[in-house]
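Visitor: Below you'll find the structure I mean.
The values are calculated or read from the model by the stated rules, or taken from the named source; none is laboratory data. All values derive from a computational prediction rather than experimental measurement. All Cβ positions, even for glycine, are placed from backbone atoms using ideal geometry, and neighbour counts span all protein chains on display. Keep in mind that these areas ignore ligands, DNA and RNA; they rest on the heavy atoms of the full protein, side chains included. Shrake-Rupley method; radii C 1.70, N 1.55, O 1.52, S 1.80 Å.
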Amino acid sequence: MKEKKYAVLREKMIDYKRFAFTLVCVSVFFYLGVLIPSPGKEDLNNFLMMGATIVFLAGASLFFYLSNQCKKALAELSDESGF
């Protein structure tokens, strides 16, 4: 039973990290879209892209937090059962 819980927590930790890195990469593209000048670009587009950058970075920080929580639970589980 503990082996199964250990495996599930480990997979969740890996998935959360992957989600977080993906969100960071997408937020970088949004940020670069703000920095690169283009003719006819409106200020509203820059504002929306910066908002999207902030939202994606907030989501990434949430997933990093969840990954860290899974890592702590894995450490406690391994200390209890001796994995």
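Visitor: Condition first: surrounded by 14 or more Cβ atoms within 10 Å (Cβ to Cβ) and more than 13 Å from the chain's Cα centre (by Cα). Can you find one or more residues in region 14-23 that meet it?
Guide: no
Visitor: Scan region 24-39 and tell me whether some residue there is open to solvent by 70 Å² or more (accessible area, probe 1.4 Å) and among the polar types (S, T, N, Q).
Guide: Looking through region 24-39, none of the residues is open to solvent by 70 Å² or more (accessible area, probe 1.4 Å) and among the polar types (S, T, N, Q).
Visitor: Continuing with the same structure: On the given criteria, is Tyr6 of a type in the set (Ser, Thr, Tyr), modelled with pLDDT under 95 and part of a helix (DSSP H, G or I)?
Guide: yes
Visitor: Still on this structure, please answer the following. Can you tell me which residue within region 45-66, out of those that are of a type in the set (Ser, Thr, Tyr) and surrounded by fewer than 19 Cβ atoms within 10 Å (Cβ to Cβ), is nearest to Gly33 (Cα to Cα)?
Guide: Step by step, filter region 45-66, then rank; the result is Ser61.
Visitor: Just to verify a result, which residue in region 32-83, among those that are charged (D, E, K, R) and at pLDDT 95 or above, is farthest from Phe19 (Cα to Cα)?
Guide: Lys72
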